[in-house]
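Working notes, structure below.
The values are calculated or read from the model by the stated rules, or taken from the named source; none is laboratory data. Computed from a predicted model, the values in this text were never measured in an experiment. Glycine gets a Cβ as well: all are built from the backbone with ideal geometry, and neighbour counts include every protein chain shown. What goes into the accessible areas is simple: the full protein's heavy atoms, side chains included, and nothing from ligands, DNA or RNA. Shrake-Rupley method; radii C 1.70, N 1.55, O 1.52, S 1.80 Å.
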Amino acid sequence: MHTEDVADVVMKALAHRAAGAFNVAADEPLTADLLRDASDAHLVHVPAPALSIITNLAWALHLSPVHRGWIDLAYATPLVECSRAHADLGWHPRHDTESVIGELVAGIRERSRSSSAVLGERSPAARLRKLLTSGPVTRRKLP
């Protein structure tokens with residue numbers, strides 16, 4: 001789901017003074033085929049337990065930033081029904097799943113960065129530079 005769609009539904013919920021929770025999701029679920037097409041990759045079936053073990057090993061050896069929990073989450077993610085957001089808020093996502101995953105893959109390929117913690121530079125040199133210029137987390141000024 002695109003961040004613009006998330007922001008849009010939050011603004012609509014606030015404007016309508018809506019109470020309670022709303023399920024929100026893209027209209028089409030992300031499938032292996034959509035991911036394959038967006039990344040020009042080949043699908044290789046790997047049984048879930050084997051993928052979990054491989055991911056955990058790669059994470060433990062610092063070869064991958066992906067923890068096994070993300071794989072477990074991917075296998076357990078439910079499809080959600082969004083009719084309340086559609087009916088009560090008049091909300092529908094503007095971005096389809098194919099374009100969102102395409103944008104994500106393009107950002108990964110281009111090594112897109114920002115100043116946010118999530119998209120910030122993650123090299124050892126960048127971490128050292130931040131520590132030297134900002135000091136330990138406990139001594140940094142609040143924004």
message = Return the residues of region 1-31 that are under 11 Å from residue 92 (Cα atoms) and among the β-branched types (Val, Ile, Thr); say none if nothing qualifies.
response = 6, 9, 24
remark   = Taking region 1-27 and keeping residues open to solvent by 80 Å² or more (accessible area, probe 1.4 Å), over 15 Å from residue 81 (Cα atoms), touching a residue at least 12 places away in the same chain (Cβ under 8 Å) and not in a helix (DSSP H, G or I) leaves 16
inquiry  = Quick check on this structure: which one of 38, 50 is exposed (fewer than 11 other Cβ atoms within 10 Å of the Cβ), at pLDDT 90 or above and in a helix (DSSP H, G or I)?
reply    = 50
inquiry  = Quick check on my filter: what residues within region 62-117 are part of a loop (DSSP other than H, G, I, E, B), surrounded by 13 or more Cβ atoms within 10 Å (Cβ to Cβ) and of a type in the set (Ser, Thr, Tyr)?
reply    = 64
remark   = If we ask which residues in region 22-73 are in contact with a His (Cβ under 8 Å, 6 or more places away or on another chain) and under 21 Å from residue 101 (Cβ atoms), their number turns out to be 4
